[in-house]
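First up is the structure itself, then whatever we jot down about it.
Derivation of every value follows stated rules applied to the coordinates shown; laboratory data play no part. Model, not experiment: these values are computed from the prediction. Neighbour counts are summed over all protein chains in view; Cβ atoms, including those assigned to glycine, are modelled from backbone coordinates with ideal geometry.
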Amino acid sequence: MRSRSLLLLAMASILRGQSLALTFDDGPDLKAVGLPRAQAMNAAILKALGEGKVKSILFACGKRVDSPEGWAMVRAWGDAGHLVGNHSYTHPYLNSKKLDLAAFEADVAKMDALLRPVPGFTKLFRFPFLKEGDTAEKRDGFRAWLQAQGYRNGAVTIDASDWYYDSRFLAWKEAHPGADPAPFRKAYLAHLWDRAQYYEGLAQQLGLKGVKHTLLLHTNELNAAFLPDVIAMFRAKGWIVVDAKAAFADPVFSRQPSTLPAGESLLWSLAKEKGLPGLRFPGEDGDYEKPLLDAQGF
Ligand SMILES: [Zn+2]
């Protein structure tokens, strides 16, 4: 009897608890960082996910990975039991007036054809820069096209600026060779925790308590260095790290907010649609983080 009530208590806390999946964009850019670093980064991230018993998703971007070595790194995700989604071929900015719907669709279709033989491939699409269109025609046209192709939006609920922290981390490491990275790790974890709490707050204001979050991360040096700490931090704070597949099954990911320009975090868009006050645009940016890192001497 006692063990049964303990079990019920544990289940209740799981039901109450916050949860998130880790999602990774782009893939290691071997042209930018060189093959050995790209392979080391990819391996470090996959190792951290494996040791943390976390199943994730890589939204691969064609121009970064379209080489035999690049595809081998993408396939390693599927081989390890992670999902692989579509993040376009050239990473186009859909909110640009110069980009029309047909060109955007062709870019995504090109990547789709390349992804089909990849293990773990799933028809989830992550918008580059989280930009979903500057006009109703582009926004709704692309949504209809995605659906016709059997795709769903691999939306982000917790947006963050790990890409900016990564650029500062690389600069800081170069300026401080051999220095202990613990202070930088602390700043990065604080950023992710701050953003998770912010977007969880939006979810609660929207009546979406218990939503399964998707956190936006990138395949970069920062996460190669600190991903085990990221996973440990969320668990220590009582969050459950769920599989990406389970997170994207949450009904919130079928929502299609009618905002323009469209995009940002899904929760940000839903909040915008509802008229919640105090939303900044863009939802996240390096400009918001620069003063914080400058003040800490990074
Ligand atoms: Zn991207």
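Where the centroid of each part is defined by its Cα atoms, how far is segment 223-257 from segment 147-220 in Å?
Segment 223-257 and segment 147-220 have Cα centres separated by 10 Å.
If packing is taken as the average count of other Cβ atoms within 10 Å, what order do 59-71, 33-45, 155-167 fall into, highest mean first?
Order by mean packing, descending: 155-167, 59-71, 33-45.
Rounded if a/c is under 1.5, else prolate if a/b is larger than b/c, else oblate: which is the chain, with a ≥ b ≥ c the root eigenvalues of its Cα gyration tensor?
The shape class here is rounded.
Mind checking which lysines have their C-alpha under 23 Å from Lys31, skipping anything on the same chain fewer than 8 residues away?
Filter leaves Lys47, Lys63, Lys110, Lys173.
Going by average Cβ density within 10 Å per residue, which order do the peptides 251-263, 80-92 take, highest to lowest?
The packing order, highest mean first, is 80-92, 251-263.
DSSP H helices in the chain with Cα extent of 20 Å or more along the helix axis and mean Kyte-Doolittle hydropathy at least 1.6?
Helices meeting the criterion: none.
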